[in-house]
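**Q** I'd like to ask some things about the structure below.
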Amino acid sequence: MRKNLMTAAGVAAAALTLSLSTAGSAHAALDDGSSSCSTTGASGKMSWTNYWGPGYTINLKFTLTDTQADGNSVAMRLVSKDTFGRIHYWKWNKNTQGNGKTSTWNTTASHVNGLFDIGLEVVRLGSDGSVRNTCTKW
């Protein structure tokens, strides 16, 4: 009986180790990637590198194009979820150059509670700074 119990414990430990190593490799597949979304008047893309897991500092590149001759500015930002499922809204990056113009920013991001999901939000702003329309892509 004792031998069977020890064998069962060893099998369970091996299964747990395999399960944890498989879960860790899911984040490794996210190392490099990109996401984009468009809304009326604005089109944005975010690409990232070094996203090996929630505790890493990731490299980000934002590209934002104003696509409508309406006199409004466009903006985009990173959105992320932490270990507790809380959404963190990062600072806006604005393109105020006008229709057909593209702005690009390179930056990094990390969060004390981890980056478990990342996405981008793209908006067209009114002259008073209010959000006219938006898209979000996780």
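The values are calculated or read from the model by the stated rules, or taken from the named source; none is laboratory data. Since the structure is predicted, the reported quantities are computational estimates derived from the model, not experimental observations. Every residue, glycine as well, gets a Cβ built from its backbone with ideal geometry; the counts of neighbours run over all protein chains shown.
**Q** If you check TYR56 against the conditions, is it over 17 Å from ARG124 (Cβ atoms) and touching a Ser or Thr at 6+ places or on another chain (Cβ under 8 Å)? So that I can check it myself, show each step before the final result.
**A** Working: over 17 Å from ARG124 (Cβ atoms): yes; touching a Ser or Thr at 6+ places or on another chain (Cβ under 8 Å): yes.
When the stated conditions are applied, TYR56 passes them.
**Q** Select, from GLY119, GLY98, the only residue that is surrounded by 12 or more Cβ atoms within 10 Å (Cβ to Cβ), at pLDDT 95 or above and part of a loop (DSSP other than H, G, I, E, B).
**A** Working: GLY119 fails: part of a loop (DSSP other than H, G, I, E, B).
When all the criteria are applied, what remains is GLY98.
**Q** Identify, please: which residue in the stretch 68-81 is under 19 Å from SER47 (Cα atoms) and either part of a loop (DSSP other than H, G, I, E, B) or not small (Gly, Ala, Ser) (or both) and is, among those, farthest from the chain's Cα centre (by Cα)?
**A** Here is the first cut: in the stretch 68-81, the ones under 19 Å from SER47 (Cα atoms) are 74-81.
Adding the requirement that they be either part of a loop (DSSP other than H, G, I, E, B) or not small (Gly, Ala, Ser) (or both) leaves 74, 76-79, 81.
Working: VAL74: 19, MET76: 12, ARG77: 10, LEU78: 6, VAL79: 6, LYS81: 8 Å.
Checking each candidate, the answer is VAL74.
**Q** Let me ask something additional. Return the residues of the stretch 71-96 that are of a type outside the set (Ser, Thr, Tyr), under 13 Å from ARG124 (Cα atoms) and in contact with a strand residue (DSSP E or B) (Cβ under 8 Å, 6 or more places away or on another chain); say none if nothing qualifies. Quick ask: steps written out before the conclusion?
**A** First pass over the stretch 71-96, keeping only residues of a type outside the set (Ser, Thr, Tyr): 71-72, 74-79, 81-82, 84-88, 90-95.
Okay, now just the ones that are also under 13 Å from ARG124 (Cα atoms), so 71-72, 74-77, 92-95.
Listed by number, the residues that qualify are ASN72, VAL74, ALA75, MET76, ARG77, TRP92, ASN93, LYS94, ASN95.
**Q** Applying the selection to the stretch 66-92, what residues are of a type outside the set (Lys, Arg), under 14 Å from VAL112 (Cβ atoms) and in contact with a His (Cβ under 8 Å, 6 or more places away or on another chain)?
**A** Those that are of a type outside the set (Lys, Arg), under 14 Å from VAL112 (Cβ atoms) and in contact with a His (Cβ under 8 Å, 6 or more places away or on another chain): SER80, ASP82, HIS88.
**Q** Continuing with the same structure: Yes or no: the stretch 42-65 includes at least one residue that is more than 18 Å from TRP138 (Cα to Cα) and in a strand (DSSP E or B).
**A** The answer is yes; a qualifying residue exists.
**Q** If you don't mind, there's one more thing I want to ask. State yes or no: is SER47 exposed (fewer than 14 other Cβ atoms within 10 Å of the Cβ) and within 13 Å of the chain's Cα centre (by Cα)? Let's see the steps before the verdict.
**A** Numbers: exposed (fewer than 14 other Cβ atoms within 10 Å of the Cβ): no; within 13 Å of the chain's Cα centre (by Cα): yes.
Criteria not met by SER47.
**Q** Does the stretch 101-112 hold any residues that are in a loop (DSSP other than H, G, I, E, B) and surrounded by 14 or more Cβ atoms within 10 Å (Cβ to Cβ), and which are they?
**A** The initial filter retains those residues of the stretch 101-112 that are in a loop (DSSP other than H, G, I, E, B), namely 101, 110-112.
Once the filter is applied, which keeps residues that are in a loop (DSSP other than H, G, I, E, B) and surrounded by 14 or more Cβ atoms within 10 Å (Cβ to Cβ), the stretch 101-112 yields only HIS111.
**Q** Separate question: Which of the numbered conditions does ARG86 fail, given that it passes all the others? Conditions: (1) surrounded by fewer than 14 Cβ atoms within 10 Å (Cβ to Cβ); (2) touching a helix residue (DSSP H, G or I) at 6+ places or on another chain (Cβ under 6 Å).
**A** Unmet condition: (2).
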